[in-house]
1. For the stretch 95-193, which fully contained strands (runs of 3 or more DSSP E) count at least 1 residues that are within 16 Å of ligand 1 (Cβ to nearest atom)?
2. What pairs can you find where one residue is in the stretch 180-202 and free of Cβ contacts under 8 Å to residues at least 24 places away in the same chain, the other is more than 16 Å from ligand 2 (Cβ to nearest atom), and their Cβ atoms are less than 6 Å apart, with a gap of 6+ or different chains?
3. Would you confirm whether or not the stretch 278-294 contains a residue that is part of a strand (DSSP E or B), open to solvent by 50 Å² or more (accessible area, probe 1.4 Å) and more than 28 Å from E387 (Cα to Cα)?
4. Identify, from the list D183, D224, D177, D168, the residue that is touching a Leu at 6+ places or on another chain (Cβ under 6 Å), among the acidic types (D, E) and away from ligand 2 (no atom under 13 Å from the Cβ).
5. If you scan the stretch 334-351, which residues turn out to be in contact with an Asp or Glu (Cβ under 8 Å, 6 or more places away or on another chain) and among the small types (G, A, S)?
6. What about S95, is it touching a helix residue (DSSP H, G or I) at 6+ places or on another chain (Cβ under 9 Å), within 20 Å of Y173 (Cβ to Cβ) and open to solvent by 30 Å² or more (accessible area, probe 1.4 Å)?
7. Tell me, which residue of the stretch 196-226 that is more than 13 Å from ligand 1 (Cβ to nearest atom) and closer than 19 Å to I4 by Cβ is surrounded by the fewest Cβ atoms within 10 Å (Cβ to Cβ)?
8. Quick one: is A163 open to solvent by 10 Å² or more (accessible area, probe 1.4 Å), touching a helix residue (DSSP H, G or I) at 6+ places or on another chain (Cβ under 6 Å) and under 24 Å from D102 (Cβ atoms)?
Amino acid sequence: MALIVQKYGGTSVGSIGHIEHVAEKVATTRNQGHKVVVVVSAMSGETNRLMGMANEIQGQIAHGRELDVLLSTGEQVTIALLAMALQRRECAAVSSTGAQLDIRTDNKFNKARIKSIDAVRLKRSLDAGYVVVVAGFQGIDSEGNITTLGRGGSDTTAVALAAAVKADECQIYTDVDGVYTTDPRVEPNARRLARITFEEMLEMASLGSKVLQIRAVEFAGKYDVPIRVLSTFAEGPGTLITFEEDSMEDPLVSGIAFNRDEAQLTVKGVPDQPGVAAHILGPIADENIEVDMIVQNVGSDGTTDFTFTVHRNDYTKGMKVIDNTLKNIGGGQVGGDPNIVKLSLVGVGMRSHAGIASRMFTALAQEKINIRMISTSEIKISVVIEEKYLELGVRVLHEAFELDQEIGVEDTQ
Ligand code: ADP
Ligand code: ASP
Ligand code: MG
């Protein structure tokens, strides 16, 4: 008998028919003698619908305490419906909101972090024979306010619950049958990976692959939670996220991630003197705008150019902040481009192999894709390119690194 946490995403519970299908799967696992905790997302499109109404009223990208009260309703609907569907199958089930399970978070509305979970209560229900159906993406702060965990946060709820009850496996059921070499919606030749190392998954998630929320992967690393990504709609072994390293079999590149949520800001003609970066980025940080990539050019004529990327939602605000800063400095012009993307190659094999960057740049150059910024770390190389070249860029890199070719052995567990 195992203790299993299963998480079903929005598409998997997107209609009553789908919820019935999920109930069948959960009941089957339960009837095999396992203890099951199920985490569900809101029905597909629901979080966006709620967000849209809040944006209309707030007249900007909605935020704050009331947004979390609103968004958390999406998951409350699905836990109740799934618990009903399980009960109709004679499978004892009880639903629970984040607050009812005392999923305690910090007080950062809209992007809260989980701090603790009442595992005792959860275990009591499991020991009494119940399937516990938990609302993903939500918690409660120390003042009793409802909080949410950021988009894709149900993944994190699932992994955090798995860590809290020391589950044997955390199964993430979604609309693809595993983690692919890249988003299969963009590259039809993308291939499912039988396994991916935790480190690579962390990079893929942080560089834009939304198949798992980054915090879920961080949690899994911290508490050694075994995760498997699987399809709700098709049988198969899915993708196992592994912790062991096997450098003999490491491919050079395991996957390609991309992020469309970035925008580029450029400051031209600022005085080339010590402190210029701090002068420009200080006020940006003061406005809580996160900066990703940064490039400062070699100065000429006593002035220099400075380019960095921010979240696309912060583009207009970032422009205004820099405009103000330049007025204070007394020089320079601000420009920018919201239509850029970051494209990244990820692979632990990069550690021990040179020449990957040049192979990447050559492949992009052959398609006349201009690289605007570059950043590298031990196991990734990222470039910023124009958004219109995203699909082409993914395709040429997938081909250049032969990611459609099978390597290694299938995990048949
Ligand atoms: P859920 O609602 O189940 O949480 P998501 O939409 O959040 O599902 O995540 C699944 C989606 O992630 C897939 O439909 C796919 O388009 C996208 N995706 C992005 N990168 C990858 C990747 N490398 N492998 C698999 N899916 C990916
Ligand atoms: N419903 C939330 C979202 O759409 C959380 C999740 O599905 O993981 O982002
Ligand atoms: Mg998701």
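The values are calculated or read from the model by the stated rules, or taken from the named source; none is laboratory data. Keep in mind it's a predicted model, so treat the numbers as computed, not measured. Cβ coordinates were reconstructed from backbone atoms using ideal geometry, including for glycine residues, and neighbour counts include every protein chain displayed. The accessibility values were calculated without ligands, DNA or RNA, using every heavy atom of the protein model including side chains. Shrake-Rupley method; radii C 1.70, N 1.55, O 1.52, S 1.80 Å.
1. 131-135, 138-140, 146-148, 169-174
2. Pairs found: P184/A190.
3. No: zero hits.
4. On the way: D183 fails: touching a Leu at 6+ places or on another chain (Cβ under 6 Å); D224 fails: touching a Leu at 6+ places or on another chain (Cβ under 6 Å); D177 fails: touching a Leu at 6+ places or on another chain (Cβ under 6 Å).
Step by step, each of D183, D224, D177, D168 is checked, and only D168 is touching a Leu at 6+ places or on another chain (Cβ under 6 Å), among the acidic types (D, E) and away from ligand 2 (no atom under 13 Å from the Cβ).
5. S344, G347, G349
6. For S95, the condition - touching a helix residue (DSSP H, G or I) at 6+ places or on another chain (Cβ under 9 Å), within 20 Å of Y173 (Cβ to Cβ) and open to solvent by 30 Å² or more (accessible area, probe 1.4 Å) - is met.
7. D224
8. Considered against the rule, which asks whether it is open to solvent by 10 Å² or more (accessible area, probe 1.4 Å), touching a helix residue (DSSP H, G or I) at 6+ places or on another chain (Cβ under 6 Å) and under 24 Å from D102 (Cβ atoms), A163 comes out as yes.
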